[in-house]
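Below you'll find the structure, written out as structure tokens, and then a few comments.
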Amino acid sequence: MVDMNQGTVFSTAVEIETARKVDDEQLAPSWIASLQAEIPSVRLHSDFDTLLEHSRDRLPFGRFRHRSKQLTGALPSAVVEPTNVAEVEEIVQFAQRNNLAVIPYGSGSGVLGGTVPFCGELIIALNRMNRILEIDETNNVVRAEAGLNGGALEVALKERGYSSGHSPQSLEMSTVGGWAACRGSGQCSSRYGNIENMIVGMKVVLPSGELMDVRHVPRRSVGPSLIELFIGSEGTLGLVVEVTLKIWPLPPKEIDGTVAFPGVESGLHAIRKVMQLGLRPAVIRLYDRSESERWGGDDLPDDPDAVICMFEFHGLAGVAEAEFEAALRIFATHGGVIIDDGPIRRWKSVRFESHSDAFVDAGGYYDTIEVAAPWSRLVEMYNTIRSAISDKYPEVMLNAHWSHAYSDGACMYMTTKIPAMPDEAALPIHASVWEIVMRHCLDMGGTISHHHGIGYFRNKWIIEELNAGHKVLGDLKRALDPGNLFNPGKLGLTDKD
Ligand SMILES: Cc1cc2nc3c(=O)[nH]c(=O)nc-3n(C[C@H](O)[C@H](O)[C@H](O)COP(=O)(O)OP(=O)(O)OC[C@H]3O[C@@H](n4cnc5c(N)ncnc54)[C@H](O)[C@@H]3O)c2cc1C
């Protein structure tokens, strides 16, 4: 354990109660009083419970540690809750003058440790910057503060007859700024696009404390996209304070169904054809056998290899119905038969809930790893990864579904379950499972993340994926944030990069 001017840093796994005692005994860093004096309007917390709450996100490894009453990394030194852009600018300028590391914080629903502090960082929580600033019904865009909860955005839009089309499973647990910062993707991505296709304007407080304002226009050819630079930057390059998103009138028709295929390969071929022929399903999800059993239940056909695909089309009535029928014809040519709609009804009833709680509460180790690859590699990648895991760890269950489809490939979303056992036995297996999946993914031409991002937990593999591009990222980081004060150590950006 080392004490730094910014707070207390724990270099190894630390019991939460030990951290509580240290926190009780030590004096708050002197800069906390200065911050309160210089920006009296801003709400600041430094009590242990608030620090503990902001010491982790939804990273499963952090959850396992928390269950064993340990911290994931360190405690932050304080949490500030600005209410407007001017306060954010003042806080960032204060951090620059005092050489303080900061972490932008949305809702802490990230699953890669993006908000986990390691050196007593100051957390800048956006929960009080949660207003919708404008719903522009001529240009079909909404302007919102970055801390706005995704579910609240959708409720407000729905009242006016619109949707953003962004529907991550974590809709109600995440913020619009977090969507941008993590380069997120929603369940309806094949119709409405991913977050990078939706954000058309952005305001960012840069590490210098200046405000960058990229105003909304339908498209620009004015150098590289500065919005894109911050989409996926995970709090390392600046703090997103406002986003402008496209919105869509609620579709007059939504038509869905469930199809059974004779196996994963035929299901993936059928989805590839649907996407390559230009159909635009809102939802299209194929499940491997084990996940098909979970969602299909008694509705699964007798064939022991049968897998299910849930799908949905949105749009004007005639158009959505015609696309639905066209998809059914394509499915049929690959052995797809429509079955009872029980599976998609069951999925829809829990689509915005977390599915890991019961398994983790019973002592097991549940994680998810989403990757993406071109169609030509997907089946081989699935089979290779599954065999590699079951050969080495027969006790580990690895299942998959394919939940975001494109004309050139798809996302493969894997769930890994290690049964209940002591941490000393399980955590090395957990780390090894990640290593095996990431290794095969890199070797087989995939990307290490489709939408969860990097945080710190994927640091080990980002350099290999981006190769010289990671140096470019490091150069950008140094240019924008020479003191390495913004979310240090995330995206593989350590001091030495
Ligand atoms: C059950 C569950 C299901 C999920 N399903 C999906 C899914 O379907 N699709 C998907 O894309 N993700 C999903 N996620 C992951 C997560 O919800 C997303 O990454 C989400 O976008 C994070 O938003 P947040 O506001 O909680 O960000 P946080 O967790 O608070 O922060 C995440 C990262 O973004 C940075 N950050 C946050 N806000 C800002 C800001 N305003 N400016 C700069 N940096 C910022 C943080 O520093 C951190 O690095 C899921 C998570 C869970 C727990």
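The values are calculated or read from the model by the stated rules, or taken from the named source; none is laboratory data. Quick caveat, the model's predicted, so the values are computed rather than measured. Backbone-built Cβ (ideal geometry, glycine too); neighbour counts: all protein chains shown.
Numbers for the structure displayed
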{"quantity": "Selection from region 105-144 of residues that are closer than 21 Å to Ser164 by Cβ, within 9 Å of the ligand (Cβ to nearest atom) and either hydroxyl-bearing (Ser, Thr, Tyr) or in a strand (DSSP E or B) (or both)", "calculated": "Ser107, Ser109"}
{"quantity": "Unique match (being within 14 Å of the ligand (Cβ to nearest atom), farther than 30 Å from Cys188 by Cα and out of contact with any Leu (no Cβ under 6 Å at 6 or more places or on another chain)) among Leu493, Leu480", "calculated": "Leu493"}
{"quantity": "Region 460-497, residues that are in contact (Cβ under 8 Å) with a residue 12 or more places away in the chain, on the phi > 0 side of the Ramachandran plot and out of contact with any strand residue (DSSP E or B) (no Cβ under 6 Å at 6 or more places or on another chain)", "calculated": "Asn484, Gly489, Leu491, Gly492"}
{"quantity": "Region 85-104 - residue that is within 12 Å of the ligand (Cβ to nearest atom) and assigned to a helix (DSSP H, G or I) and, of those, farthest from Ala13 (Cα to Cα)", "calculated": "Val85"}
{"quantity": "Count of region 224-277 residues which are over 26 Å from Arg345 (Cα atoms), out of contact with any Lys or Arg (no Cβ under 6 Å at 6 or more places or on another chain) and of a type outside the set (Val, Ile, Thr)", "calculated": "15"}
{"quantity": "Number of the exception - Ser376 against (1) more than 23 Å from the chain's Cα centre (by Cα); (2) small (Gly, Ala, Ser); (3) over 21 Å from Glu265 (Cβ atoms)", "calculated": "(3)"}
{"quantity": "Number of positions in region 148-183 that are touching an Asp or Glu at 6+ places or on another chain (Cβ under 9 Å), assigned to a loop (DSSP other than H, G, I, E, B), near the ligand (Cβ under 10 Å from one of its atoms) and over 22 Å from Val217 (Cβ atoms)", "calculated": "2"}
{"quantity": "Condition met for Ala358 (in contact (Cβ under 8 Å) with a residue 12 or more places away in the chain, within 16 Å of the ligand (Cβ to nearest atom) and closer than 30 Å to Gly151 by Cα)", "calculated": "no"}
{"quantity": "Qualifying residue in region 72-84 (condition: within 14 Å of the ligand (Cβ to nearest atom), farther than 20 Å from Asp23 by Cα and assigned to a helix (DSSP H, G or I))", "calculated": "no"}
{"quantity": "Selection status of Ser41, within 26 Å of the chain's Cα centre (by Cα) and modelled with pLDDT of 95 or more", "calculated": "no"}
{"quantity": "Residue within region 249-272 that is more than 11 Å from the ligand (Cβ to nearest atom), among the polar types (S, T, N, Q) and touching a Cys at 6+ places or on another chain (Cβ under 8 Å) present", "calculated": "yes"}
{"quantity": "Hits in region 210-236 (condition: acidic (Asp, Glu) and more than 12 Å from the ligand (Cβ to nearest atom))", "calculated": "Glu210, Asp213, Glu228"}
{"quantity": "Residue match in region 49-58 (condition: in a helix (DSSP H, G or I), touching a Pro at 6+ places or on another chain (Cβ under 6 Å) and either buried (at least 16 other Cβ atoms within 10 Å of the Cβ) or modelled with pLDDT of 95 or more (or both))", "calculated": "yes"}
